[in-house]
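Engineer: Let me give you the structure first, and then I'll get to my questions.
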Amino acid sequence: WVAGRGGSKLVRADPTNGSVNSYAPNGNLEPYGIALDEFGRIWIANCCSFHAAWMYDPNGNVWQSVGTGARPRGIVSNGKGRIFVANDETNQVAVIDAINMINIGSINLGSGRFPLGMAVDVTGNIWAVNQNSSSTHKINGNSLQIIGEYPVGSSPYTYSDMTGTAFFDVIPPGWYRHRFAGQRL
């Protein structure tokens, strides 16, 4: 799945057969960040005019949106029914109940932060990467309380899965063995 930012579409490339398909709701789609939830649905942070998170369920070819209250950029699922969306201009993280499809509030990161990126770590904590303050916030994914703010490199830019944890939602950790055919030279 790819957030087709330039084409205003959600794109699915199937590596098993080489097919490429695109999808779009009947509405304004300006994809930025992308996430996959525990139900197999794809979420898109819809920047920059219709401030919402779009959810696409490929099982029923169904689109739904939930307002984020401000301009969304990065997005992540915590795998426990919540979606977290970076609202850059308001210095907040919107929290969406993915089961009931409602915005349940926002976490205020403080002025001058400009969060772009969102990620979840292996312990379920949520990370918001702040471009303007060159920092990242660590948020408890259950209580929604800020654990801390930490300095990072100058003007960081990321918007989806910078921890690599979402990869393991698709490919579980473990050992894999594959034999490659080779040719002696």
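Engineer: Can you name the residue in segment 13-35 that is part of a strand (DSSP E or B) and within 15 Å of the chain's Cα centre (by Cα) and, of all such residues, is surrounded by the most Cβ atoms within 10 Å (Cβ to Cβ)?
Structural biologist: Ranking the qualifying residues of segment 13-35, first place goes to Ala35.
Engineer: Right, another one. Which members of segment 113-132 meet the condition of being in contact with a Leu (Cβ under 8 Å, 6 or more places away or on another chain), crowded, with 24+ Cβ neighbours inside 10 Å and more than 25 Å from Phe39 (Cα to Cα)?
Structural biologist: Those that are in contact with a Leu (Cβ under 8 Å, 6 or more places away or on another chain), crowded, with 24+ Cβ neighbours inside 10 Å and more than 25 Å from Phe39 (Cα to Cα): Pro115, Val129, Asn130.
Engineer: Among (1) open to solvent by 10 Å² or more (accessible area, probe 1.4 Å); (2) free of Cβ contacts under 8 Å to residues at least 40 places away in the same chain, which single condition is Asn46 missing?
Structural biologist: (1)
Engineer: Continuing with the same structure: Quick one: count up the residues across segment 80-112 that are of a type in the set (Gly, Ala, Ser) and open to solvent by less than 10 Å² (accessible area, probe 1.4 Å).
Structural biologist: So the answer is 4.
Engineer: Another question, if that's okay. Mind telling me which of the residues Ala94, Ala166 ends up being aliphatic (A, V, I, L, M) and at pLDDT 95 or above?
Structural biologist: Criteria check complete, one pass: Ala94.
Engineer: Where in segment 36-85 are there strands (runs of 3 or more DSSP E), lying fully within it, with 1 or more residues that are more than 15 Å from the chain's Cα centre (by Cα)?
Structural biologist: In segment 36-85, 52-57, 62-67 are the strands (runs of 3 or more DSSP E) which contain 1 or more residues that are more than 15 Å from the chain's Cα centre (by Cα).
Engineer: Answer with yes or no whether Ser155 is modelled with pLDDT under 95, on the phi > 0 side of the Ramachandran plot and surrounded by 10 or more Cβ atoms within 10 Å (Cβ to Cβ).
Structural biologist: yes
Engineer: Is it true that Ile147 is at pLDDT 95 or above and surrounded by 15 or more Cβ atoms within 10 Å (Cβ to Cβ)?
Structural biologist: no
Engineer: Could you check how many residues of segment 83-114 are among the β-branched types (Val, Ile, Thr) and free of Cβ contacts under 8 Å to residues at least 40 places away in the same chain?
Structural biologist: Qualifying residue count for the region: 5.
Engineer: Do we have Asn103 as more than 21 Å from Ile34 (Cβ to Cβ), under 19 Å from the mean Cα position of the chain (by Cα) and either modelled with pLDDT of 95 or more or not aromatic (Phe, Trp, Tyr) (or both) here?
Structural biologist: no
Engineer: If you take the residues of segment 86-102 that are small (Gly, Ala, Ser) and in a strand (DSSP E or B), which of them is nearest to Gly117 (Cα to Cα)?
Structural biologist: Ala86
Engineer: Now for a different question. Going by the conditions given, is Phe39 open to solvent by 10 Å² or more (accessible area, probe 1.4 Å) and not β-branched (Val, Ile, Thr)?
Structural biologist: yes
The values are calculated or read from the model by the stated rules, or taken from the named source; none is laboratory data. Values in this document were obtained by computation on a predicted structure and should not be read as measured data. Glycine gets a Cβ as well: all are built from the backbone with ideal geometry, and neighbour counts include every protein chain shown. Just the protein is used for accessible areas: all its heavy atoms, side chains included, with ligands, DNA and RNA removed. Shrake-Rupley method; radii C 1.70, N 1.55, O 1.52, S 1.80 Å.
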